[in-house]
Amino acid sequence: MVRLKYINFEGEELELSRENDLQVEGVDLTAYQESFKAYNKFKNAPFPRFEKETDLMIGTEGQLGIVTEVEIETVENTPAQHLFMLIPKWEDNYTPHLEIIKKIQNFRNDVILVELIDSNAFSFLPEEDRPNKGMDAIFFEVKADSFESFYENFLSTLEHVSEEDIFELTENRFHNIRASVPRAVFEENSRMGVVKMGTDVQVKVEDFQKLMDIYREFSKEGVRYNLFGHFGDAHLHFNFMPAPEDMDRCKRRFEYLYDEVAKLKGSPFAEHGIGLIKQKYIKNFIGPEQTELYQKLKSKFDPHGQFFPQGFMNLNSESHRA
């Protein structure tokens, strides 16, 4: 986001720019920004970035003003080739998964996306639409001008993946599969009257195995589940699909997950907002550096408490840890 306009508490429309560092009169951001460094490479941290002007409105969920207009920077549409590889189910053998996520980090300039869809997620598609043969699949969108190098230096060097299990796809087929899986999961939930309980956790690549170990524990709960998402970023969505009588048990497992992710300095909600329901899960991620700054910003930008008064910026560190 290059710039945005917002309405402040006095009804004025003001403009913010990503080109300008955030400066708030009478507010020292040093301690807060120091605490953010642990999350600097994540898509989203457990709390807003607050480095550039536009950060006042990004990740604060309307708690400091109402956004009216945005200017978004885009990247050039690059020709790409699309493929997927079949690997064992992660519950049985995640050695290939660990090899791939470690090695793919050296090719981030060559790939546009790397996504995992596990065998459970594929099961929600009609059988004729499943290319996975009962296995997990990792999908790659690779820049066309980098494909030859990517094949020679990445695909052909994998020790735990056979070249016979690597397949090319058309662009339409590639994107249709990626879009159809989460849609099919949602439709199944609606049809069965089931509430999906999903995670949005991202960890550092070096902690990915620890996250997968937690998900392996979850897979033994006897509750339907699936796993898919942004594999190259160590950011996967584990989804419980519990019956009503399983809800409390799944909630307790998620509480355990977020406690462990906090220990790893991971991000609990890497691409979706916190809202109301998720607030209880951020208790171990928020400290005095955050809550003190929230109070100062709310006092300055929302002195009358008009903007999302139930939002996370109105919670103090004591209430988070209650």
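How about the stretch 90-123: which of its residues are in contact (Cβ under 8 Å) with a residue 40 or more places away in the chain, surrounded by 17 or more Cβ atoms within 10 Å (Cβ to Cβ) and part of a helix (DSSP H, G or I)? Once the filter is applied, which keeps residues that are in contact (Cβ under 8 Å) with a residue 40 or more places away in the chain, surrounded by 17 or more Cβ atoms within 10 Å (Cβ to Cβ) and part of a helix (DSSP H, G or I), the stretch 90-123 yields Pro96, His97, Ile100, Ile101, Ile104, Phe107, Asn120, Ala121, Phe122. Pairs under 9 Å by beta carbon, first residue under 25 Å from Ser119 (Cβ atoms) in the stretch 73-86, partner of a type in the set (Lys, Arg), six or more apart or different chains? As it stands, the answer is Gln81/Lys143; His82/Arg173; Leu86/Lys133, since those pairs meet every condition given.
Please indicate, with yes or no, whether at least one residue in the stretch 61-80 is within 24 Å of Gly287 (Cβ to Cβ) and of a type in the set (D, E, K, R). Yes, the conditions are met somewhere in the stretch 61-80.
Limited to the stretch 288-322, what total is found for residues that are among the small types (Gly, Ala, Ser), modelled with pLDDT of 80 or more and surrounded by 15 or more Cβ atoms within 10 Å (Cβ to Cβ)? Before you say what the answer is, go through the steps one by one.
Step one: filter the stretch 288-322 for residues among the small types (Gly, Ala, Ser), giving 299, 305, 311, 317, 319, 322.
So of that shortlist, the ones also modelled with pLDDT of 80 or more come out as 299, 305, 311.
Imposing the further condition that a residue be surrounded by 15 or more Cβ atoms within 10 Å (Cβ to Cβ) reduces the set to 311.
Adding up the residues that qualify gives 1.
Residue count for the stretch 190-244 satisfying the condition of being within 18 Å of Ala262 (Cα to Cα) and of a type in the set (S, T, N, Q): 3.
Show me the strands (runs of 3 or more DSSP E) found entirely inside the stretch 1-80 where at least 2 residues are modelled with pLDDT of 95 or more and surrounded by 15 or more Cβ atoms within 10 Å (Cβ to Cβ).
Numbers: elements: 3-7, 13-17, 66-71.
Where strands (runs of 3 or more DSSP E) fall fully within the stretch 1-80 and carry at least 2 residues being modelled with pLDDT of 95 or more and surrounded by 15 or more Cβ atoms within 10 Å (Cβ to Cβ), they are 3-7, 66-71.
Within the stretch 264-275, is there a residue that is acidic (Asp, Glu), in a loop (DSSP other than H, G, I, E, B), closer than 18 Å to Tyr39 by Cα and within 18 Å of the chain's Cα centre (by Cα)? Within the stretch 264-275 (the criterion being acidic (Asp, Glu), in a loop (DSSP other than H, G, I, E, B), closer than 18 Å to Tyr39 by Cα and within 18 Å of the chain's Cα centre (by Cα)), the answer is yes, since at least one residue qualifies.
Within the stretch 138-161, can one find any residue that is basic (Lys, Arg) and closer than 22 Å to Phe269 by Cα? No, that holds for no residue.
Here Ile58, Ile101 are screened, and the one residue that is out of contact with any strand residue (DSSP E or B) (no Cβ under 7 Å at 6 or more places or on another chain), closer than 30 Å to Leu297 by Cα and aliphatic (A, V, I, L, M) is Ile58.
The values are calculated or read from the model by the stated rules, or taken from the named source; none is laboratory data. What you are looking at is a predicted structure, and each value in this text was computed from that prediction instead of being measured. Note that each Cβ is placed from the backbone with ideal geometry, even for glycine, and that neighbours are counted across all protein chains shown.
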